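Laboratory data are not the source of any read-out in this text; all were calculated from the coordinates shown. This is a predicted model, so every value here is computed, not measured. Reconstructed Cβ throughout: ideal geometry from the backbone, glycine too, with neighbour counts over all protein chains shown.
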Amino acid sequence: FQSIKKFPAFVKEEGIAFKMPDGKEEFFTPEKSIEVQKKIGSDFFFALDDCPSYPYSKRRVEKAVERTIKWAERCQGEKTFAILQGGIYEDLRKYCAEKLSKMNFFGFAIGGLCIGEPKEEMHRMVKLSVEYLPKEKPRHLMGVGSPEDILECVKYGIDIFDSAFPTRNARHGTILTSKGKINLGKRKVKGDVIDEECDCYTCKNFSLDYLNYLFKEKEPLAMRLATIHNLRYINRLMENIREEIKS
């Protein structure tokens, strides 16, 4: 629901209500959330959850955990991931994990992190959350996508990631390369090759100088080419991680 995050949302016991630009209210129950994901052709589905904004009180997180568990009971299925909540509180994450683990889900997602809490807290919560989840089922980490965080969280036992990190950086003129980040459009960048190790469409057909020029001129093509590259960079990173695990 990234496209409707900017609309006012109201969490209720039966679901989440979004206020649309035309003034109408769209209400998502746990069942409707799964139904929408099926309609758009998702391969896997995620149960509706209550994710409090950071900073939050422990009482607010307690309510979110209970609501998330209750909603999860209504959308169990062979292609569905339950979402673990609990904020930065170990006891709540353990409690939520224990409840969700007893339900019929394909896998488990760790949510409610990377939303403003200190990075060391995020890593601590990911590590302990993995310990409380079934080892035989896929573990998905929501909203975490920097190369550094991916590498660290794979060590904890995370299998799958989703994040706007590569596309968000591309929109702002930052490309990810094997030699580090390059910020384009604000200064002179020298070099013909964007990334010698990359086989993406952008790297095969355009130079670093040209991509930098596109960002300076604020050409829409710049963001598209940078996005293609950054997504391929993350894909290659995951490919390399899988090969390392195999060996």
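A few comments on the model shown:
- Scaled radius of gyration (Cα, divided by 2.2 N^0.38 Å) that the stretch 167-246 gives: 1.08
- In this label model, D199 and H172 are separated by 3.1 nm, measuring between points 7 Å along each Cα→Cβ vector.
- Of K39/K204; K119/K179; K12/K79, pairs whose Cα-Cα distance is over 31 Å: K39/K204
- The ranking of C114, C200 by Cβ neighbour count inside 10 Å, starting from the fewest, reads C200, C114.
- Coil-residue trypsin sites (Lys or Arg not before Pro) of the stretch 61-96, DSSP, other Cβ within 10 Å capped at 13: none
- Least to most buried among S42, S247, S101, S33 (fewest other Cβ within 10 Å first): S247, S42, S101, S33
- Between K19 and H123, the simple spin-label model (points 7 angstrom out along Cα→Cβ) gives 4.0 nm.
- Those trypsin sites (Lys or Arg not before Pro) in the stretch 140-242 that DSSP places in a loop and that have at most 10 other beta carbons within 10 Å: K179, K186, R187, K188, K190, K218
- Sorted by Cβ neighbour density within 10 Å, fewest at the top, the residues L231, L214: L231, L214
- Over 31 Å (Cα to Cα) - which of K181/K246; K38/K181; K38/K102; K32/K94 fall in this group: K38/K181
- Longest exposed-site-free window of the chain, the sites being GluC sites (Glu not before Pro) in a DSSP loop that have at most 15 other C-beta atoms within 10 Å: 15-135
- Basic side chains Lys and Arg get +1 at the Cβ, acidic Asp and Glu get -1 at the Cβ, and with that the dipole of the chain about its Cα centre reaches some 540 debye.
- Straight-line reach from K186: taking Cα to Cα under 17 Å and skipping same-chain neighbours fewer than 8 places apart, the aspartates and glutamates in range are D209, E217, E219.
- Prolate/oblate/rounded call for the chain, Cα gyration tensor, a/c under 1.5 rounded: prolate
- Backbone N under 12 Å from the S247 label point (7 Å along Cα→Cβ), restricted to the stretch 147-184: none
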